[in-house]
Amino acid sequence: MVTVDTYGWYQTLIKPAWAPPAFVFGPVWTVLYIIIAVTFGTVFYKASTGALPRLVALPFALNLVFNLAFTPIQFGLQNNLLAAADVLLVLGTLIWALAAIYPHQKWLALANIPYLLWVCFATVLQLTVTYLNF
């Protein structure tokens with residue numbers, strides 16, 4: 001479980017000057033989780049009904065696993081290195097997912113562009129924080 005104390009730990013880390021303030025993350029992730037719920041849900045539904053090949057859903061499922069693992073790794077375990085590896089997996093599976101769905105349902109790939117842009121930014125941020133605090 002993530003507690004106030006673990007977020008206090010994160011505040012003590014060295015971060016780059018371009019890191020956004022903490023209050024930005026909540027609204028951004030709220031919007032992104034809505035996008036994820038609608039688009040990933042659509043992929044899972046279509047794959048389960050045979051409207052999409054089931055294998056197309058695999059990178060979406062893996063992306064959810066890695067995305068949901070990030071907070072417990074970063075704030076629960078307080079492990080920047082493992083969190084950096086995880087965020088690279090989030091990025092890799094997201095790129096794979098968008099490439100897999102694009103030939104079948106272009107709108108699902110395009111709707112996830114904000115998520116992709118944020119994950120690119122978050123990856124650079126996490127790698128930078130990891131480096132600065134190694």
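Identify all residues within the stretch 62-81 that are of a type in the set (A, V, I, L, M, F, W, C) and exposed (fewer than 15 other Cβ atoms within 10 Å of the Cβ); write none if there are none.
65, 68, 77, 81
Within the stretch 101-134, can you find the residues that are part of a loop (DSSP other than H, G, I, E, B) and under 23 Å from residue 57 (Cβ atoms)?
102, 103, 104, 105, 112
Based on what the data block shows, is residue 7 part of a helix (DSSP H, G or I) and at pLDDT 95 or above?
Taking the combined requirement at face value, the residue does not satisfy it.
Mind counting the residues in the stretch 38-54 that are touching a residue at least 24 places away in the same chain (Cβ under 8 Å), under 19 Å from residue 99 (Cβ atoms) and not in a loop (DSSP other than H, G, I, E, B)?
Residues in the stretch 38-54 being touching a residue at least 24 places away in the same chain (Cβ under 8 Å), under 19 Å from residue 99 (Cβ atoms) and not in a loop (DSSP other than H, G, I, E, B): 5 in total.
Within the stretch 28-37, does at least one residue satisfy the condition of being out of contact with any Phe, Trp or Tyr (no Cβ under 7 Å at 6 or more places or on another chain), touching a residue at least 60 places away in the same chain (Cβ under 8 Å) and farther than 30 Å from residue 103 by Cα?
Within the stretch 28-37 (the criterion being out of contact with any Phe, Trp or Tyr (no Cβ under 7 Å at 6 or more places or on another chain), touching a residue at least 60 places away in the same chain (Cβ under 8 Å) and farther than 30 Å from residue 103 by Cα), the answer is no, since none of the residues qualifies.
Kindly indicate the residue of the stretch 65-82 that is touching a Ser or Thr at 6+ places or on another chain (Cβ under 9 Å) and part of a helix (DSSP H, G or I) and also farthest from residue 9 (Cα to Cα) among those meeting that condition.
So the residue we want is 65.
Under the condition of being within 16 Å of the chain's Cα centre (by Cα) and of a type in the set (A, V, I, L, M), which residue from the stretch 58-80 is farthest from residue 125 (Cα to Cα)?
That would be 58.
Take the conditions surrounded by fewer than 20 Cβ atoms within 10 Å (Cβ to Cβ) and more than 11 Å from the chain's Cα centre (by Cα) and apply them to residue 105. Does it pass?
Answer is yes for this residue.
The values are calculated or read from the model by the stated rules, or taken from the named source; none is laboratory data. Quantities reported herein were computed from a predicted structural model and do not represent experimental measurements. Every residue, glycine among them, receives a Cβ derived from its backbone with ideal geometry; neighbour counts consider all protein chains shown.
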